[in-house]
Amino acid sequence: EKFAIPRGRPMIFFAGRMEPRKGIHLCKEIVAQVAARHEVAFAFAGQDLFQTMEGELMPYWNSLDLKGSVHFLGKLDLKDVGSCLRQTDVFLIPSLWENCPYSCLEAMAAGRAIVSSDAGGLPELIRDGENGLVAASEDEPAFIAALERLLEDPALRDRLGAAARRSVEESYTDEHIARVSADYYRECFG
């Protein structure tokens with residue numbers, strides 16, 4: 001794999017723009033607390049629009065001596081995100097606002113366990129305890145608890161990841177979307 005995060009410990013992956021509406025600022029304490037208590041690797045991929053990662057978060061985490069637990073990969077293309085997803089155990093989406101994030105669908109299709117916020121359209125994709133875990137938007141302790149639950153329970157990670165993949169296969173394939181769209185148009189104009 002192009003992005004070889006040290007294995008031997010679970011990996012939590014965030015992919016998105018490093019901006020407030022994506023909840024990147026919440027990761028400051030989420031990472032600090034989870035990495036202090038667990039053998040884990042965090043990987044972050046995305047455009048650092050406001051120098052949040054390089055100017056604030058990475059220096060803070062480095063000051064905590066988290067022993068190589070945090071990796072900032074910068075902006076990646078879709079193929080490289082897929083490479084990271086194959087190495088991922090948990091996908092993190094702490095967004096404050098979302099519609100239907102492509103990153104969530106990609107992580108679901110890859111069969112990864114997901115911890116997401118309850119913002120916007122995310123609860124339409126992730127059903128708490130069924131195909132992922134949901135934390136209240138901006139509730140850092142809820143995100144920490146959900147991540148730790150998945151880190152401590154690999155069987156739950158596997159079950160939620162498999163359920164996430166089934167959700168995509170059942171509701172978000174090209175064929176399914178085309179059928180739903182055709183039915184809608186038939187109903188409207190039929």
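The values are calculated or read from the model by the stated rules, or taken from the named source; none is laboratory data. None of these values were measured; they are calculated from a predicted model. As a convention, Cβ positions derive from the backbone with ideal geometry for all residues, glycine included, and neighbour counts pool all protein chains shown. When the accessible area is computed, the model is the full protein with side chains, heavy atoms only, and any ligands, DNA or RNA have been set aside. Shrake-Rupley method; radii C 1.70, N 1.55, O 1.52, S 1.80 Å.
Distance in nm between label sites at residue 136 and residue 28, each 7 Å beyond Cα in the beta-carbon direction?
2.1 nm
Hey, got a sec? Which GluC sites (Glu not before Pro) in the stretch 125-155 land in a DSSP loop and have at most 16 other Cβ atoms within 10 Å?
130, 138
Over the alpha carbons of the chain, what is the largest minus smallest coordinate on each principal axis, giving the biggest first in Å?
Per principal axis, max minus min of the Cα coordinates gives 64, 37, 33 Å.
Per residue, how many Å² of accessible area does the chain show with a 1.4 Å probe?
About 50 Å² of surface per residue is accessible.
At 0.36 nm per residue, minus the direct Cα-Cα distance, what do residue 180 and residue 78 gain on full extension? Give it in nm, one decimal, please. Don't skip to the end; give the middle numbers.
Working: separation 102, 0.36 × 102 = 36.72 nm, distance 2.66 nm.
Taking residue 180 through residue 78 to full extension adds about 34.1 nm, to one decimal.
Under the Karplus relation 6.51 cos²θ - 1.76 cosθ + 1.60, θ = phi - 60°, what is the ordered set of whole-Hz ³J(HN,Hα) values for the stretch 36-53, x standing for Gly and Pro?
These are the phi-based 3J(HN,Hα) values: 6, 10, 9, 6, 8, 10, 10, 10, 10, 10, x, 6, 8, 4, 10, 6, 5, 5 Hz.
Once you sort the root eigenvalues of the Cα gyration tensor of the stretch 110-171 as a ≥ b ≥ c, which label holds: rounded (a/c under 1.5), prolate (a/b larger than b/c) or oblate (the other case)?
Verdict is oblate for the stretch 110-171.
Which value in nm describes the separation of the simple spin-label points at residue 67 and residue 39, placed 7 Å from the Cα toward the beta carbon?
Placing both labels 7 Å beyond Cα along the Cβ direction yields 0.9 nm.
Tell me which residues come under 5 Å, amide H to amide H, from residue 74 once H is placed; ignore anything under 5 positions away on its chain.
Long-range HN contacts for residue 74: 46.
Using +1 on the beta carbon of Lys and Arg, -1 on that of Asp and Glu, and nothing else charged, what's the dipole of the stretch 87-190 about the Cα centre, debye to 20?
280 debye
What net charge do the residues around residue 140 carry, taking every other residue with its C-beta under 9 Å from that of residue 140, with Lys and Arg at +1 and Asp and Glu at -1?
With Lys, Arg at +1 and Asp, Glu at -1, the net is -2.
Quick one: which residues, 5 or more positions from residue 42 or on another chain, have an amide H under 5 Å from its amide H? H modelled 1.01 Å from N in the peptide plane, none for Pro or chain starts.
12, 70, 71
Given a 1.4 angstrom probe, I'd like the percentage of the accessible area of the chain that is carbon and sulfur, rounded to a whole number.
On the way: 4690 of 9420 Å².
Carbon and sulfur together cover 50 percent of it.
State, to one decimal in nm, how far the label point of residue 7 lies from the label point of residue 60, with both points 7 Å from Cα in the Cβ direction.
3.2 nm
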